[in-house]
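One structure is given below, encoded as structure tokens.
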Amino acid sequence: MSFWLLLTVNSVTFGGLLFLLSAGFSLIFGLMRIPNLMHGSMFMVGAYLGSSLLSNALGFTVNFWVAAVIASLEVAVLGALMERLLLRRLAGQQLAQVLVTLGVSFMVADLCLMGWGGDPISVATPEGLGGFVRAGGAAFPLYRMAVIGIAVVFAIGLWLMLERTRLGAMIRAGVDDPQMARVVGIRVSRLFTIVFGLGAGLAGFAGMIGAPILSIYPGLDQDMLPLALVVVILGGTGSLLGSFVGSIIVGFIYNFGQALLPELAYFVLFLPMVLVLVLRPQGLFGGQVL
Amino acid sequence: MNSPVNVRNFVIAAVVLALVLLPYAIREPYYVNIASQILLYAVFALGLNILVGYGGLVSLGHAGLSGVAAYAVAYLLAAGHGHLVAIGGGLLAGLIVSAGFAALALRATGISFIMITLALGEIIWGLAYRWISITGGDNGLSVSARPAPFGLSLDSAGAFYDATLVVFLLALAACAIFVHSPFGAALAGTRDQPRRMNALGYHVWMIRFGAFMFSGLLSAISGILFIYYYQFVSPPALALTSSAEALLMVISGGAGTLLGPVIGAALVVIIKLVVSAYISRWNFMLGAIFVAIVVFMPEGLVPGSVRLCRAAWRRSNRGRAAPMPPPSGGAGGSAMAKHAEAKHAEAKHAEAKHAEAKHVEAKHAEAMTPVAGQKR
């Protein structure tokens, strides 16, 4: 019984991490019409940068949460710079932009390997969250519950930002109709930079708070990127709700698949994607056809 | 006598002769092996080019197709079957997986096609990595012996080169015939004007599917050459990096040209060998070359270098020849590229509109059209 319960908790936790990763991916896709193939790299870089802040590599250590926030801000700046300096040069050429993000993801992966070595780095659970909460005869790992909580808070925050603020309204306008948004005076190109930075920062943050669960290793980026792709294909592009539901679905399938059919876990993931592509190509909540 | 066809035939014959004699000229098995590698990757790049260059469909999952064929051969050989069965099984596996890829990925075009092929390729990689009872996981599968067609052993570097050359020339000829066939013309039509092709009564989806299968067949063949050349296959052969390498071969040589991918394959294999001899940072180089080519030479390395050299030459010439020509002359080269881009954008535009017409109502078409329009 507790096996299933634990598996469920793990699934929801993983779904939460995936949401933080794929919300940005989905928004970038919705606004700029390109899949950001560096998104897995952002996740990994966030985790590596955060782990360095924890490990006294820079001559000082900080609290886990401070490290996560700093790493996330660093990745956000990197992402915004990447958009500004590289993707901006190729405005309007989507294929070229996609290939550039792919090229940069290889460079980033190799740089991380150079900087942090090939050995996996494990990150300790932050203080005070190493224990369990007991409820109804079952024990829930505290840190995973915290991750779920953070994901929910971020989901609500992002939703409020998109639905209730001026910036959110501009982003929604850009997603729906960039040309018209330009005409009414919204600087869509600046939105690109903001959303790219925001998405990168979210991915970096997810990488760091996922590190105690997943650990950090070369290839983490390539493990996470397809998951984000599957989430977005499932949920539909540019839709926050779609990313949320898609993430939870993928989190469940991935964890249950790994527990029940360890050899085929990756393959099982692909079944819902096939179903969605065949039955509803625009994704569960997407407005536009993929 | 001086009709261009005869000159062309003469050149072709000379090049083939040179390729046949190559191992005798270089002798050193190490270099002969490099030549074999170039040829086997060239077959792969030729296959990908059918889709990327002529179909306008950029796939990032093709390593999955060649990898499946390689794994199938290795698995069947390990199970005690003969080479003929193994090769047949490899081709069949490659074709079946290609059909699956095509059926799913061809629901979309453009960027979404890339996303879906990428996800599918990663799934094949995941299977190779995790399905340990079949694939050996990280340890991969090895093949103990190369086949001996007609009793000729392929164990020496020269013999394997000859066999690879035969396969390569057949593949190249098949591509040439394909490209110049009505089917090839129809494929190029679906790339440039899918809506018009549809209106003319062509079954756009079927044409793309056929092209995908042909591309998958060539990929499977290269996978079979791969497994017999290295006598070993492991998950990295199917990873995104391998797909990206193949795509780099195609776009660096010039997508949509017959020989571009071959030149690209030679470039990438040689650069990779040279780079890995000095530093172990091939992936970094791969990414950097990718970015550089996309940003500076979107039309491919060979035409791109020609353009850049010509522009530089013109500029230096103008420096010497006083201020006579107007400044617009210097932009000649880049204007050409701009033109190519504009044409590209136009094709993409038509494609996007076509996809909509197929899937979405008019309301949506309204929302999307301005997006494509902003490109120009």
For chain A, compute the orientation-averaged projected area of the C-alpha convex hull (one quarter of its surface), in nm². 15.9
Could you tell me the extents of region B:131-246's C-alpha atoms along the three principal axes, largest first, rounded to whole Å? 54, 35, 22
Which whole-number percentage describes the relative contact order of region B:70-220, with Cα contacts under 8 Å and a sequence gap of 6 or more? 29
Treating the protein assembly as shown as a set of equal point scatterers at the Cα positions, no solvent, please give the Debye-formula log₁₀ I(q)/I(0) at q = 0.08, 0.11 Å⁻¹. -0.62, -1.17
Which one, A:THR193, A:THR61, A:THR13, has the greatest fluctuation when you compute a Gaussian network model over chain A with C-alpha springs under 10 angstrom? A:THR61
Considering Cα pairs under 8 angstrom that are at least six residues apart, work out the relative contact order of region A:1-76 and quote it in whole percent. 20
Any chance you could give the angle, 0 to 90 degrees and rounded to 10, that helix A:39-54 forms with the longest Cα principal axis of chain A? 50
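Counting partner chain Cβ atoms within 10 Å of every residue's Cβ in A:225-234, what's the average?
3
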Over chain A, with a Gaussian network built from C-alpha contacts below 10 Å, which listed residue (A:ARG88, A:ARG134, A:ARG187) shows the highest mean-square fluctuation? A:ARG134
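How large is the helix-only mean residue ellipticity at 222 nm for chain A, computed as the sum of -39500 (n - 2.57) over DSSP H runs with n ≥ 4, divided by its residue count, in deg cm²/dmol to the nearest 500? Spell out each step's value before the answer.
Details: 11 runs with 208 residues, N = 290.
My calculation for chain A gives -24500 deg cm²/dmol from helical runs alone.
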Taking chain A as the reference, fit the longest principal axis to its C-alpha atoms, fit the long axis of helix A:188-214 to the helix C-alpha atoms, and give the angle between the two in degrees, 0 to 90, nearest 10. 10
Order the peptides A:206-215, A:272-281, B:30-39, A:15-24 from the highest to the lowest mean number of other Cβ atoms within 10 Å of their residues. A:15-24, A:206-215, B:30-39, A:272-281
Along Cα→Cβ, 7 Å out, is where each label goes; now give me the distance between the ones at B:SER142 and B:ALA99 in nm to one decimal. 3.5
Using the Cβ atoms and a cut-off under 14 Å, what net charge is assigned to the surroundings of A:LEU269, where Lys and Arg are +1 and Asp and Glu are -1? -2
Mean Cβ count within 10 Å, highest first, over the residues of peptides B:16-23, B:260-267: B:260-267, B:16-23
With θ taken as phi - 60° and the coefficients 6.51, -1.76 and 1.60, list the Karplus ³J(HN,Hα) couplings across region B:52-62 in order, rounded to whole Hz; mark glycine and proline as x. 6, x, 9, x, x, 10, 8, 9, 10, x, 5
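About the Cα centre of the protein assembly as shown, how large is the charge dipole given +1 on each Lys and Arg Cβ and -1 on each Asp and Glu Cβ? Please answer in debye to the nearest 20.
Details: 38 positive and 25 negative charges, 426 e Å.
Charge dipole, the protein assembly as shown, about its Cα centre: 2040 debye, nearest 20.
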What residues have an amide H closer than 5 Å to that of B:PHE232, excluding those fewer than 5 places away on the same chain, when H is modeled at 1.01 Å from N in the peptide plane? B:VAL143
Shielding score for B:230-242, defined as the mean number of other chain Cβ atoms within 10 Å: 1
Got the relative contact order for chain A handy, in percent, Cα pairs under 8 Å and 6 or more residues apart? 36
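When you look at the Cβ of every residue in B:103-113, what mean number of other chain Cβ atoms sits within 10 Å?
4
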By per-residue mean of other Cβ atoms within 10 Å, what is the highest-first order of A:170-176, B:115-121? B:115-121, A:170-176
How tilted is helix A:265-279 with respect to the longest principal axis of chain A? Cα atoms for both, answer in degrees (0 to 90, nearest 10). 40
Can you tell me which of A:GLY128, A:GLY50, A:GLY40 moves the most in a GNM of chain A? Springs connect C-alpha atoms under 10 Å apart. A:GLY128
Within a Cβ distance under 15 Å of A:ASP223, other residues only, what is the Lys/Arg minus Asp/Glu net charge? -2
Spin-label pair B:TYR31/A:ILE156, simplified geometry with 7 Å Cα→Cβ offset, distance in nm: 7.1
Could you tell me which of rounded, prolate or oblate describes region A:51-110, using a ≥ b ≥ c as the square roots of the eigenvalues of the alpha-carbon gyration tensor, with rounded for a/c under 1.5 and, failing that, prolate when a/b is larger than b/c and oblate otherwise? prolate
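Throughout, read-outs are computed from the coordinates displayed, never taken from laboratory work. The shown structure was predicted, so the numbers you read here are calculated from the model rather than taken from an experiment. Methodologically, a virtual Cβ is constructed for each residue, glycine included, from the backbone with ideal geometry; neighbour enumeration extends over all protein chains shown.
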